[in-house]
1. On the basis of being open to solvent by 50 Å² or more (accessible area, probe 1.4 Å), at pLDDT 95 or above and over 20 Å from the mean Cα position of the chain (by Cα), does Glu234 make the cut?
2. So, in segment 87-126, exactly how many residues are over 25 Å from Phe147 (Cα atoms), open to solvent by less than 40 Å² (accessible area, probe 1.4 Å) and either in contact with a helix residue (DSSP H, G or I) (Cβ under 6 Å, 6 or more places away or on another chain) or aliphatic (A, V, I, L, M) (or both)?
3. Please tell me if Gly53 is in contact with a strand residue (DSSP E or B) (Cβ under 9 Å, 6 or more places away or on another chain), closer than 23 Å to Asp202 by Cα and either exposed (fewer than 15 other Cβ atoms within 10 Å of the Cβ) or among the small types (Gly, Ala, Ser) (or both).
4. Out of curiosity, is Val208 closer than 15 Å to Glu234 by Cα and under 23 Å from the mean Cα position of the chain (by Cα)?
5. If I ask for residues that are open to solvent by less than 50 Å² (accessible area, probe 1.4 Å) and at pLDDT 90 or above, which ones from segment 253-282 would you list?
6. Given the condition in contact (Cβ under 8 Å) with a residue 60 or more places away in the chain and either under 23 Å from Arg185 (Cα atoms) or of a type in the set (Ser, Thr, Tyr) (or both), answer yes or no: does some residue in segment 237-256 qualify?
7. Under 7 Å between Cβ atoms, at least 6 apart or on separate chains: pull out the pairs that start in segment 191-219 with a residue that is at pLDDT 95 or above and end on any residue that is open to solvent by 50 Å² or more (accessible area, probe 1.4 Å) and part of a helix (DSSP H, G or I).
8. Restricting the search to segment 244-265, which residues are under 16 Å from Arg276 (Cα atoms) and in contact with a Leu (Cβ under 7 Å, 6 or more places away or on another chain)?
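The values are calculated or read from the model by the stated rules, or taken from the named source; none is laboratory data. The structure displayed is predicted, hence computed values, not measured ones. All Cβ positions, even for glycine, are placed from backbone atoms using ideal geometry, and neighbour counts span all protein chains on display. The area values use the complete protein model at the heavy-atom level, side chains included, leaving out ligands, DNA and RNA. Shrake-Rupley method; radii C 1.70, N 1.55, O 1.52, S 1.80 Å.
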Amino acid sequence: MEAHDDVDAPRAQAGPSPQHLLARAALSRLARRGLVAVRDGGGRAPAYHLTAGAIARHRSTMHRFLAFGAVPRAGDGEWLAVSYSLPEARQPQRHALRRTLGALGLVRLYDSVWIGPDPDPAAVRGPLADLLDPVPGARWSVLRVRFDDEQGPHGPLAAYDVDGLAAAYRAFVDAHTPLREAVRRGNVGPAEALVARTVLMDAWRRLVLADPDLPAHLLPASWPRDDARRLLVEVHTALGAPARERLVEVLTPAWPDAAAWVTYFVAADDPTQPPRRADAPA
């Protein structure tokens with residue numbers, strides 16, 4: 001074969017690769033945030049591991065998602081309401097305020113009146129003050145309110161798409177029922193289990209974030225969340241061990257101690273308790 005010295009071929013890289021540098025920078029940021037810690041590698045590359053704080057945060061997040069819907073919200077007729085007034089020219093602040101209120105779990109009842117089923121104002125006051133107190137002419141109030149006709153067409157339910165949420169829960173059950181049947185037959189191997197468990201939890205997470213957890217007496221009698229949660233807990237628990245097996249298999253070539261570190265959480269029998277490590281005493 002004839003050589004061509006003028007071919008612009010890629011040059012051999014000298015020193016660390018860009019991908020390696022990016023990974024190191026990401027790990028350094030996580031270390032500064034207290035999510036990972038560095039352990040001396042004993043002459044080899046340093047070893048990174050999750051901190052106790054990061055594990056506790058993950059466990060708290062898992063508790064929120066796995067326990068959601070297990071205990072229906074009782075509700076005593078009291079709602080949290082936020083009312084505000086902004087000068088017409090303050091459109092950027094208006095958009096930021098709506099995003100913030102939505103992230104805090106409130107929904108818009110009227111143009112400048114937002115409500116939520118949790119009457120505790122603690123999580124709302126700080127963000128409102130940060131956003132609106134610096135704005136000249138802005139006014140806002142946080143109130144606890146009761147509706148004369150809570151279940152009527154002009155009550156709080158008018159602000160929520162209850163039918164749409166019910167349809168989403170039924171779609172979740174329909175989408176994952178074949179997986180539950182395969183789990184019950186013992187037909188889900190480790191590789192499939194790792195993917196399926198991740199997909200299942202992600203789908204449930206999106207439902208939890210969309211569900212305002214309305215008081216039970218306002219929900220339809222055939223509310224499908226219970227069926228969806230039972231499916232989630234059964235399948236998520238059953239797939240834990242094979243999913244861990246696959247994850248250890250994937251990680252071990254680069255991390256020989258993976259089997260001693262990789263664990264997983266499952267829902268506790270008592271939903272008021274945090275999820276438990278399945279490889280630890282209950």
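1. No.
2. Residues in segment 87-126 being over 25 Å from Phe147 (Cα atoms), open to solvent by less than 40 Å² (accessible area, probe 1.4 Å) and either in contact with a helix residue (DSSP H, G or I) (Cβ under 6 Å, 6 or more places away or on another chain) or aliphatic (A, V, I, L, M) (or both): 1 in total.
3. Details: in contact with a strand residue (DSSP E or B) (Cβ under 9 Å, 6 or more places away or on another chain): no; closer than 23 Å to Asp202 by Cα: yes; either exposed (fewer than 15 other Cβ atoms within 10 Å of the Cβ) or among the small types (Gly, Ala, Ser) (or both): yes.
So Gly53 does not fit the description; no.
4. Numbers: closer than 15 Å to Glu234 by Cα: no; under 23 Å from the mean Cα position of the chain (by Cα): yes.
For Val208, the condition - closer than 15 Å to Glu234 by Cα and under 23 Å from the mean Cα position of the chain (by Cα) - is not met.
5. Tyr264, Phe265, Val266, Ala267, Ala268, Pro271, Pro275 - these are the residues of segment 253-282 that are open to solvent by less than 50 Å² (accessible area, probe 1.4 Å) and at pLDDT 90 or above.
6. Checking segment 237-256: not a single residue is in contact (Cβ under 8 Å) with a residue 60 or more places away in the chain and either under 23 Å from Arg185 (Cα atoms) or of a type in the set (Ser, Thr, Tyr) (or both).
7. Qualifying pairs under 7 Å: Ala191/Arg246; Ala193/Arg246; Leu194/Arg246; Leu194/Leu247.
8. Val262
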